[in-house]
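One structure below.
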Amino acid sequence: MENLKFRNLKASEIEVRPTDLQYKGKCSLLLYQNARCAMSILDDTVGSMNWSNKYKDVKGNLYCSIGIKDNDNTWVWKEDTGIESNFDASKGEASDAFKRAAVRWGIGRELYTTPKIKIDCPDSYYLNDKLTMTFKVSHIKYEDKTITELEIVDRFGKVVYSLNNSQNKAVSEPYNNQTIDNTKKTNREILKDF
């Protein structure tokens, strides 16, 4: 098990969630994996009969443990806790705990190398003042476990964010045709630009 390595996530396995929605016309994008993706990677890497998971409550916090069978048939466990989601609190908490435990094993850990992503959101992204646009990762490239290239598109296929670290530049492509270089700015500085 000492050489156990999990592959990086494919673009099609990465979910994109808009966040920081308090300012109409701007938002941040958060990349994440879902629990089913982590389960599939476990199945593909160690086999469906060689891993397991269990949950426990510790002082009101739900923990998930993921165990993988070692070469000598001993179980090795790693765990983490989750937080409730806005949609289905208990299911969301269990799913979040599972994803976080999977990250302890290295599954999806590369998503933590994602730069801060801020984009413009034109009026067409909203319905009754609510952001309804969806986004997806159309391209991603890694060097080891670090994201070096990333492209995110809206549901119409328009590129809203592009990163190419070989050029050392992350560019958000706003609809007003100005580009914003976000590579050397803090979140607070980025918000001032908006």
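Here are the numbers for this structure:
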quantity	calculated
Accessible area of Ser28 in the full protein assembly, 1.4 Å probe (Å², nearest 10)	10
Cα centroid separation - the range 9-25 against the range 38-104, whole Å	23
Whether the range 1-156 is rounded, prolate or oblate, judged on the alpha carbon gyration tensor where a/c under 1.5 counts as rounded	oblate
Derived scalar couplings ³J(HN,Hα) [the range 104-116; Karplus, 6.51 cos²θ - 1.76 cosθ + 1.60; whole Hz; x for Gly, Pro]	4, 7, x, 7, x, 4, 4, 5, 6, 8, 5, x, 5
Probe 1.4 Å, accessible area per residue of the range 44-104, Å²	64
Accessible area of Ser52 in the full protein assembly, 1.4 Å probe (Å², nearest 10)	40
Integer Hz, Karplus 6.51/-1.76/1.60 couplings in order for the range 13-21, x for Gly and Pro	9, 9, 8, 10, 10, x, 9, 6, 8
Long-range amide H partners of Val160 with built H, under 5 Å	Ile152, Val153, Asp154
Sequence-distant aspartates and glutamates (8 or more away, or on other chains) whose Cα lies within less than 19 Å of Lys91	Glu15, Asp57, Glu79, Asp80
Karplus (6.51, -1.76, 1.60) ³J(HN,Hα), θ = phi - 60°, over the range 152-158, in Hz, Gly and Pro reported as x	10, 10, 7, 5, 8, x, 6
Relative contact order computed over the range 1-41 (Cα-Cα under 8 Å; 6+ residues apart), in percent	36
Relative contact order (percent, whole number), the range 4-96, Cα cutoff 8 Å, 6+ residue spacing	16
Accessible surface of the range 15-125 [probe 1.4 Å, protein heavy atoms]: carbon and sulfur percent	47
Cut-off under 5 Å, modelled amide H: who pairs with Tyr126 long-range	Thr132
Amide hydrogen neighbours beyond the local backbone of Leu62, cut-off 5 Å, H modeled	Gly82
Order of exposure, largest accessible area first, which applies to Tyr125, Tyr63, Tyr23 with probe 1.4 Å	Tyr23, Tyr63, Tyr125
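The values are calculated or read from the model by the stated rules, or taken from the named source; none is laboratory data. Model, not experiment: these values are computed from the prediction. For the accessible areas, the whole protein counts, side chains as well, though only heavy atoms, and no ligand, DNA or RNA atoms are used. Shrake-Rupley method; radii C 1.70, N 1.55, O 1.52, S 1.80 Å.
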